[in-house]
1. Please enumerate the residues belonging to region 41-75 that are assigned to a strand (DSSP E or B) and either at pLDDT 95 or above or buried (at least 16 other Cβ atoms within 10 Å of the Cβ) (or both).
2. Take region 76-94 and flag every residue that is under 24 Å from residue 12 (Cα atoms) and in a strand (DSSP E or B).
3. Kindly evaluate residue 87 against the criterion of being surrounded by 13 or more Cβ atoms within 10 Å (Cβ to Cβ) and without any contact (Cβ under 8 Å) to a residue 24 or more places away in the chain.
4. Residues in region 95-146 that are in contact with a helix residue (DSSP H, G or I) (Cβ under 8 Å, 6 or more places away or on another chain), more than 29 Å from residue 12 (Cα to Cα), touching a residue at least 40 places away in the same chain (Cβ under 8 Å) and in a loop (DSSP other than H, G, I, E, B): how many?
5. Which residue out of 80, 93 is surrounded by fewer than 16 Cβ atoms within 10 Å (Cβ to Cβ), within 18 Å of residue 6 (Cβ to Cβ) and either over 15 Å from the mean Cα position of the chain (by Cα) or modelled with pLDDT under 95 (or both)?
6. Looking at 36, 13 in this structure, which one is over 19 Å from the mean Cα position of the chain (by Cα), over 30 Å from residue 139 (Cβ atoms) and surrounded by fewer than 16 Cβ atoms within 10 Å (Cβ to Cβ)?
7. Suppose we filter 25, 11, 30 for residues that are touching a strand residue (DSSP E or B) at 6+ places or on another chain (Cβ under 6 Å) and either part of a helix (DSSP H, G or I) or in contact (Cβ under 8 Å) with a residue 40 or more places away in the chain (or both); which single one remains?
């Protein structure tokens, strides 16, 4: 099953505003005779587009038979279900493959946690609970049974 990232309105606004403003400022600079400044701004726009294409989009989470696949741009992180220790709500602003602060923190293996923001958290948690029989779903989070 594939889950898209939830997108906070203010993050969407930033994601649209940044390249649009760089483009408009570049055009203004070029037409006002500041060709070098316009070209520098267009270069910055190119970097932003590269970051969007290679590092951000598409952003989705896929549950497969044995792993959770977190896809962000060209990168993929595979989280084996057997390594997941708990999944709980979070509002952490740490850098992560998520476009919302309405997140889930997934603790797994011996690595740092991963934060994701599936658009339908309830369905995602039910799906994950079915694939992680060693965890129990209660109160909007997955954890070891008591």
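1. Correct list: 59, 60, 61, 62, 63, 67, 68, 69, 70, 71, 72.
2. Within region 76-94, 76, 77, 89, 90 meet the criteria.
3. no
4. The qualifying residues number 3.
5. 93
6. Checking each option against the conditions leaves just 36.
7. That would be 11, the only listed residue that is touching a strand residue (DSSP E or B) at 6+ places or on another chain (Cβ under 6 Å) and either part of a helix (DSSP H, G or I) or in contact (Cβ under 8 Å) with a residue 40 or more places away in the chain (or both).
The values are calculated or read from the model by the stated rules, or taken from the named source; none is laboratory data. Note that the structure is a prediction, hence the values are computed from the model and not measured. So basically every Cβ, Gly included, is an ideal-geometry build from the backbone, and we count neighbours across all protein chains shown.
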